[in-house]
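The values are calculated or read from the model by the stated rules, or taken from the named source; none is laboratory data. Please read all numbers here as calculations on a predicted model, not as lab measurements. FYI the Cβ positions are ideal-geometry reconstructions off the backbone, even for glycines, and counts take in every protein chain you see.
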Amino acid sequence: MVDIALITNLRKRPNNVETHHNQLELHMKAIIEAKRPTLYDPFSLHVQASATEFSHDLNNPDTEFSVDAGTPFEYEKIIGEYLI
């Protein structure tokens, strides 16, 4: 849910979608097209900060970041080790 403030002069135009469709279109476009960070961003920063590099060798990784390993769903671990 998004709360968007729309400016209007109630004496001249009512506060409804019909009179604000231009403003609503710009606000919705900004919300939809906003660049949001992915999990790659904090993991990449973690790799850079620890002076290591990404490895695609799945046989013996130090830490595995993958959907198969369940990494995207380990919220406490991601917040505690990679975002703070």
* Filter segment 1-19 down to residues that are touching a helix residue (DSSP H, G or I) at 6+ places or on another chain (Cβ under 9 Å) and either surrounded by 10 or more Cβ atoms within 10 Å (Cβ to Cβ) or assigned to a helix (DSSP H, G or I) (or both) and give me whichever is modelled with the highest pLDDT. => 17
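Are any residues in segment 44-84 in a helix (DSSP H, G or I) and touching a residue at least 12 places away in the same chain (Cβ under 8 Å), and if so, which ones? First the steps, then the outcome.
At the first step, the residues of segment 44-84 found to be in a helix (DSSP H, G or I) are 44-49, 71-73, 75-83.
If the condition is that a residue be in a helix (DSSP H, G or I) and touching a residue at least 12 places away in the same chain (Cβ under 8 Å), then 45, 46, 71, 72, 78, 81, 82, 83 are the ones that fit.
Going through segment 20-43 one residue at a time, which ones are among the hydrophobic types (A, V, I, L, M, F, W, C), under 30 Å from residue 65 (Cα atoms), touching a residue at least 12 places away in the same chain (Cβ under 8 Å) and part of a helix (DSSP H, G or I)? Don't jump to the end; show me each part of the working.
Narrowing segment 20-43 to residues among the hydrophobic types (A, V, I, L, M, F, W, C): 24, 26, 28, 30-32, 34, 39, 43.
This time we only want the ones that are under 30 Å from residue 65 (Cα atoms), so: 31-32, 34, 39, 43.
Narrowing the set further to residues that are touching a residue at least 12 places away in the same chain (Cβ under 8 Å) leaves 31, 39, 43.
Once the filter is applied, which keeps residues that are among the hydrophobic types (A, V, I, L, M, F, W, C), under 30 Å from residue 65 (Cα atoms), touching a residue at least 12 places away in the same chain (Cβ under 8 Å) and part of a helix (DSSP H, G or I), segment 20-43 yields 31, 43.
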